[in-house]
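*Asks:* Once you've had a glance at the structure underneath, I'll fire off some questions.
The values are calculated or read from the model by the stated rules, or taken from the named source; none is laboratory data. Everything quoted here is computed from the prediction, not taken from an experiment. All Cβ positions, even for glycine, are placed from backbone atoms using ideal geometry, and neighbour counts span all protein chains on display. SASA here: full protein model, heavy atoms, side chains in, ligands and nucleic acids out. Shrake-Rupley method; radii C 1.70, N 1.55, O 1.52, S 1.80 Å.
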Amino acid sequence: MTVDENLASISNVLLYGGMTAYLFSFISYAGDLAEGGKEIRTREERRRQAAAGGSATTTLEKPLTARRRRAAAVGTSLFVLATLLHLGSVVTRGLSVHRVPWGNMFEFALTGSLVVAVGYLVAALRAHRAGLGGGRDARYLGVFVAGPILATLGIALRSFYVEAAQLVPALDSYWLIIHVFVAILATALSTLGFSATVLQLVQEKRDRVKAAGHNPGGVFMDALPGSVELERTAFRLNAVAFVMWTFTLIAGAVWAQVAWNRYWNWDSKEVWTFVIWVVYAAYLHARATRGWDGRRAAWLSVLGFACMLFNYLVVNIFFPGLHSYAGV
């Protein structure tokens, strides 16, 4: 089939529009965190003053200001707009080539970052329905989701972009829909888990600084959940991602048997997919059965995501093999 150049152009325009909306969403979320952090610091100072004076502190526990809620609401509204434009870009890219839009690194990044965005919105909606509200709902992740998505799309456009085209024969299979899409889901969840893990490590360090009687700085971090809550969130995300990555590994072996008459070929992509599986398996095992929590388990999670990035950014481009379909 021929490529519909008009739809391909529309896809690019929608992508640029989505990136613009992500940028302003990021700015709004950043303002939300900064304002919330300042208010929490102010509350703590008033508590100390009230305790020193022996007065009641019940009036200090009011919800965060309407101004801060408006900043979060604006950020979320812009994020929804960005996600819709992003979705339109993915759909029109697929329609332009009459196939699923994840046949090369650019399309993988485009679709994978969309799944991250949708995952965040689902989490925010569930938190809202659960009545968490205030500064402790899932919107605290907004700035740490919009930023990486924007960076991913920028890198994809700068380094991985290829014109819309048909698949190479080896990828023209229904297994592309199954195997690669589940890999996209696993990568998206791992990305969200990595964001929560990084925040966890930062919060733990700040807790140690506070315990030593010093000012940890980073006022906006005061508006985030504590390290224990962040660690639990990261664990749940990584656990689900691990199940999907396991399916990705198995589905890839089945596809290899269909395409190359061997379940395992010791191809560089296969090896690194297995390495990622082993690292995350070690993380889950240490966390669930050996009682590892806090920093020790977190660094295993970081190592797993680093292996995932290496697999995507290095193996796909510089390691020749049967999976050399990067398109760049």
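*Asks:* PHE274: at pLDDT 90 or above, more than 22 Å from SER173 (Cα to Cα), surrounded by fewer than 19 Cβ atoms within 10 Å (Cβ to Cβ) and of a type in the set (Phe, Trp, Tyr), yes or no? It would help to see each step written out before you state the result.
*Replies:* On the way: at pLDDT 90 or above: yes; more than 22 Å from SER173 (Cα to Cα): yes; surrounded by fewer than 19 Cβ atoms within 10 Å (Cβ to Cβ): yes; of a type in the set (Phe, Trp, Tyr): yes.
Yes: the conditions hold for PHE274.
*Asks:* Among the residues in region 225-235, are any open to solvent by less than 70 Å² (accessible area, probe 1.4 Å), in a helix (DSSP H, G or I), without any contact (Cβ under 8 Å) to a residue 24 or more places away in the chain and not small (Gly, Ala, Ser)?
*Replies:* Residues of region 225-235 open to solvent by less than 70 Å² (accessible area, probe 1.4 Å): 225-227, 230-231, 233-235.
Cutting the leftovers down to in a helix (DSSP H, G or I) gives us 227, 230-231, 233-235.
Adding the requirement that they be without any contact (Cβ under 8 Å) to a residue 24 or more places away in the chain leaves none.
Checked region 225-235: no residue is open to solvent by less than 70 Å² (accessible area, probe 1.4 Å), in a helix (DSSP H, G or I), without any contact (Cβ under 8 Å) to a residue 24 or more places away in the chain and not small (Gly, Ala, Ser).
*Asks:* Kindly indicate the residue of region 167-183 that is of a type in the set (Gly, Ala, Ser) and more than 13 Å from GLU107 (Cβ to Cβ) and also modelled with the highest pLDDT among those meeting that condition. Break it down into steps so the answer makes sense when it comes.
*Replies:* Kept after step one, since they are of a type in the set (Gly, Ala, Ser), are these residues of region 167-183: 170, 173, 183.
Keeping just the survivors that are more than 13 Å from GLU107 (Cβ to Cβ) gives 170, 173.
Working: ALA170: 67, SER173: 78.
Step by step, filter region 167-183, then rank; the result is SER173.
*Asks:* Scan region 256-271 for residues that are over 18 Å from VAL168 (Cα atoms) and in contact (Cβ under 8 Å) with a residue 24 or more places away in the chain and jot them down.
*Replies:* ASN265, ASP267, SER268, GLU270
*Asks:* From VAL122, VAL100, VAL162, grab the single residue that is modelled with pLDDT of 85 or more and in a helix (DSSP H, G or I).
*Replies:* On inspection, the qualifying residue turns out to be VAL122.
*Asks:* Related question: Test ALA51 against the criterion of being at negative phi, open to solvent by 40 Å² or more (accessible area, probe 1.4 Å) and at pLDDT below 95, and give yes or no.
*Replies:* On the way: at negative phi: yes; open to solvent by 40 Å² or more (accessible area, probe 1.4 Å): yes; at pLDDT below 95: yes.
The answer is yes for ALA51.
*Asks:* Mind checking whether some residue in region 158-175 is over 21 Å from the mean Cα position of the chain (by Cα), under 30 Å from LEU300 (Cβ atoms) and open to solvent by 50 Å² or more (accessible area, probe 1.4 Å)?
*Replies:* There is no residue in region 158-175 that is over 21 Å from the mean Cα position of the chain (by Cα), under 30 Å from LEU300 (Cβ atoms) and open to solvent by 50 Å² or more (accessible area, probe 1.4 Å).
*Asks:* With the checklist (1) surrounded by fewer than 22 Cβ atoms within 10 Å (Cβ to Cβ); (2) touching a helix residue (DSSP H, G or I) at 6+ places or on another chain (Cβ under 8 Å); (3) outside any helix (DSSP H, G or I); (4) not aromatic (Phe, Trp, Tyr) in hand, flag the one item HIS214 doesn't pass.
*Replies:* That leaves (2) as the condition not met.
*Asks:* Tell me whether region 166-182 contains one or more residues that are without any contact (Cβ under 8 Å) to a residue 40 or more places away in the chain, part of a helix (DSSP H, G or I) and of a type outside the set (Phe, Trp, Tyr).
*Replies:* Scanning region 166-182, I find at least one residue that is without any contact (Cβ under 8 Å) to a residue 40 or more places away in the chain, part of a helix (DSSP H, G or I) and of a type outside the set (Phe, Trp, Tyr), so the answer is yes.
*Asks:* Out of all the residues in region 91-108, which are open to solvent by less than 10 Å² (accessible area, probe 1.4 Å) and within 20 Å of the chain's Cα centre (by Cα)? Show your work before the answer.
*Replies:* Going through region 91-108, the residues open to solvent by less than 10 Å² (accessible area, probe 1.4 Å) turn out to be 93-94, 96-97, 105-107.
Across region 91-108, the qualifying residues are MET105, PHE106, GLU107.
*Asks:* Is there a residue in region 243-255 that is hydroxyl-bearing (Ser, Thr, Tyr) and either at pLDDT 90 or above or over 22 Å from the mean Cα position of the chain (by Cα) (or both)? Give the derivation first.
*Replies:* First, pick out the residues of region 243-255 that are hydroxyl-bearing (Ser, Thr, Tyr): 246, 248.
Filter once more, keeping what is either at pLDDT 90 or above or over 22 Å from the mean Cα position of the chain (by Cα) (or both): 246, 248.
For region 243-255, residues hydroxyl-bearing (Ser, Thr, Tyr) and either at pLDDT 90 or above or over 22 Å from the mean Cα position of the chain (by Cα) (or both): present.
*Asks:* Can I ask one more? Identify, please: which residue in region 134-155 is small (Gly, Ala, Ser) and either under 27 Å from VAL314 (Cα atoms) or crowded, with 22+ Cβ neighbours inside 10 Å (or both) and is, among those, modelled with the lowest pLDDT?
*Replies:* Taking region 134-155 as the starting set, the residues that turn out to be small (Gly, Ala, Ser) are 134-135, 138, 142, 146-147, 151, 154.
Cutting the leftovers down to either under 27 Å from VAL314 (Cα atoms) or crowded, with 22+ Cβ neighbours inside 10 Å (or both) gives us 135, 142, 146-147, 151, 154.
Numbers: GLY135: 42, GLY142: 89, ALA146: 94, GLY147: 94, ALA151: 94, GLY154: 95.
This residue is GLY135.
*Asks:* If you don't mind, there's one more thing I want to ask. Would you tally the residues in region 289-307 being part of a helix (DSSP H, G or I), modelled with pLDDT under 85 and either open to solvent by less than 30 Å² (accessible area, probe 1.4 Å) or not basic (Lys, Arg) (or both)?
*Replies:* Of the residues in region 289-307, 1 are part of a helix (DSSP H, G or I), modelled with pLDDT under 85 and either open to solvent by less than 30 Å² (accessible area, probe 1.4 Å) or not basic (Lys, Arg) (or both).
*Asks:* Taking region 1-38 as the search range and keeping residues that are modelled with pLDDT under 75 and surrounded by fewer than 17 Cβ atoms within 10 Å (Cβ to Cβ), which one is nearest to LEU78 (Cα to Cα)?
*Replies:* Initial filter on region 1-38 (modelled with pLDDT under 75): 1, 36-38.
So of that shortlist, the ones also surrounded by fewer than 17 Cβ atoms within 10 Å (Cβ to Cβ) come out as 1, 38.
Details: MET1: 36, LYS38: 24 Å.
Top of the filtered list is LYS38.
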